[in-house]
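**Q** Attaching a single structure in structure tokens format; questions to follow.
The values are calculated or read from the model by the stated rules, or taken from the named source; none is laboratory data. Model, not experiment: these values are computed from the prediction. Heads up, the Cβs are rebuilt from the backbone with ideal geometry, glycines too, and the neighbour counts pull from every protein chain shown.
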Amino acid sequence: MQLERFNQFFSNASAQGVVFYHSGRMDEETVAAIGALLRLRLREEGANGVESRKVFSTFMEMAQNILHYAAVHEAEDGPVGRFGALSVARAETGFVVMCGNYMPTDQVPRVRERLESVQGMAPESVRLAYRKRLASDEDDPDSKGAGLGLLTMAASAKAPIEFAFEPGTPAEDGRTFLFLKALI
């Protein structure tokens, strides 16, 4: 990367209030390391305890979604791993936590339905759905965890979670880019 391009990236990130940004391969070790760095950055930014906990838990839920659901990047000699981008930025009323990753296009309708369902819930409905899911003995067949990730993010957010899907180019073969944004 040329110095001018890096300087432009740094200037734009600073102007947008970016506190933390990571783009690349995701695995458990990477998530643990960036989680530790994020905690430090939030402390440096003066985030209070509740705000810091909500930003951190939302960030980790987004990281887990990348780990569990992102499309596997393939190389000539086999799978390389899952890739995505995560960021936290200062906002006028708190922090914005965002993530993006490619996902299999055939899963878009199911994911869109879940996101729209949670997006349409009032805060009290989110809390009730969360408690109901915790008390349920049923496993969610579409979840690789307890099925609480979106509800956890929605419960921490000051506004409905925003999302967008962008179909990949033919070179990306059956993948769609998913973008999530939560205001904490």
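**Q** Looking at 177, 95, 163, can you tell me which residue is of a type in the set (A, V, I, L, M, F, W, C), out of contact with any Cys (no Cβ under 6 Å at 6 or more places or on another chain) and modelled with pLDDT under 95?
**A** Details: 95 fails: modelled with pLDDT under 95; 163 fails: modelled with pLDDT under 95.
Answer to the check: 177.
**Q** Just name the residue that is nearest to residue 107 (Cα to Cα) out of those in region 42-54 that are assigned to a helix (DSSP H, G or I) and not aliphatic (A, V, I, L, M).
**A** First, pick out the residues of region 42-54 that are assigned to a helix (DSSP H, G or I): 42-44, 49-54.
Now restrict to residues that are not aliphatic (A, V, I, L, M): 43-44, 49, 51-54.
Numbers: 43: 37, 44: 39, 49: 36, 51: 32, 52: 32, 53: 30, 54: 28 Å.
Filtering region 42-54 for residues that are assigned to a helix (DSSP H, G or I) and not aliphatic (A, V, I, L, M), the one nearest to residue 107 (Cα to Cα) comes out as 54.
**Q** To continue, here is another question. Does region 116-123 include one or more residues that are surrounded by fewer than 18 Cβ atoms within 10 Å (Cβ to Cβ), in a helix (DSSP H, G or I), at pLDDT below 95 and touching a Gly at 6+ places or on another chain (Cβ under 8 Å)?
**A** No.
**Q** Of the numbered conditions (1) closer than 22 Å to residue 178 by Cα; (2) acidic (Asp, Glu); (3) surrounded by 11 or more Cβ atoms within 10 Å (Cβ to Cβ), residue 113 fails exactly one; give the number of that condition.
**A** (3)
**Q** Then there's this: Could you give me the residue pairs with C-beta distances under 9 Å whose first residue belongs to region 1-17 and is closer than 20 Å to residue 93 by Cα, whose second residue is basic (Lys, Arg) and part of a helix (DSSP H, G or I) wherever it lies, and which are 6+ apart or on separate chains?
**A** Taking only residues 6 or more apart or on different chains, not a single pair turns up.
**Q** Is at least one residue of region 63-70 under 15 Å from residue 184 (Cα atoms) and hydroxyl-bearing (Ser, Thr, Tyr)?
**A** Here is the first cut: in region 63-70, the residues under 15 Å from residue 184 (Cα atoms) are none.
Looking through region 63-70, none of the residues is under 15 Å from residue 184 (Cα atoms) and hydroxyl-bearing (Ser, Thr, Tyr).
**Q** Taking region 55-78, which residues are in a strand (DSSP E or B) and within 16 Å of residue 30 (Cβ to Cβ)? I'd like the intermediate steps shown before the answer.
**A** The initial filter retains those residues of region 55-78 that are in a strand (DSSP E or B), namely 72-75, 78.
Once the filter is applied, which keeps residues that are in a strand (DSSP E or B) and within 16 Å of residue 30 (Cβ to Cβ), region 55-78 yields 72, 73.
**Q** Right, next: Just need a number here: residues in region 1-44 that are over 25 Å from residue 82 (Cβ atoms) and out of contact with any helix residue (DSSP H, G or I) (no Cβ under 9 Å at 6 or more places or on another chain).
**A** 15
**Q** Looking only at residues that are hydrophobic (A, V, I, L, M, F, W, C) and over 28 Å from residue 102 (Cβ atoms) in region 1-41, which one is farthest from the chain's Cα centre (by Cα)?
**A** Applying the filter and picking the extreme gives 3.
**Q** Does region 19-41 hold any residues that are in contact (Cβ under 8 Å) with a residue 24 or more places away in the chain and either assigned to a helix (DSSP H, G or I) or surrounded by 16 or more Cβ atoms within 10 Å (Cβ to Cβ) (or both), and which are they? Don't jump to the end; show me each part of the working.
**A** Within region 19-41, the first condition is being in contact (Cβ under 8 Å) with a residue 24 or more places away in the chain, and the residues that meet it are 19-28, 31, 34-35, 38, 41.
Once the filter is applied, which keeps residues that are in contact (Cβ under 8 Å) with a residue 24 or more places away in the chain and either assigned to a helix (DSSP H, G or I) or surrounded by 16 or more Cβ atoms within 10 Å (Cβ to Cβ) (or both), region 19-41 yields 19, 20, 22, 26, 28, 31, 34, 35, 38, 41.
**Q** Kindly indicate the residue of region 100-115 that is at pLDDT below 95 and of a type in the set (S, T, N, Q) and also farthest from residue 161 (Cα to Cα) among those meeting that condition.
**A** Of everything passing the filter in region 100-115, 105 is farthest from residue 161 (Cα to Cα).
**Q** Here's a follow-up. When the residues of region 79-110 are narrowed to those that are hydroxyl-bearing (Ser, Thr, Tyr) and over 17 Å from residue 26 (Cα atoms), which ends up surrounded by the fewest Cβ atoms within 10 Å (Cβ to Cβ)? Explain how you work it out, then say what you get.
**A** Residues of region 79-110 hydroxyl-bearing (Ser, Thr, Tyr): 87, 93, 102, 105.
When the remaining residues are screened for being over 17 Å from residue 26 (Cα atoms), the result is 93, 105.
Working: 93: 10, 105: 16.
Among residues in region 79-110 that are hydroxyl-bearing (Ser, Thr, Tyr) and over 17 Å from residue 26 (Cα atoms), the one surrounded by the fewest Cβ atoms within 10 Å (Cβ to Cβ) is 93.
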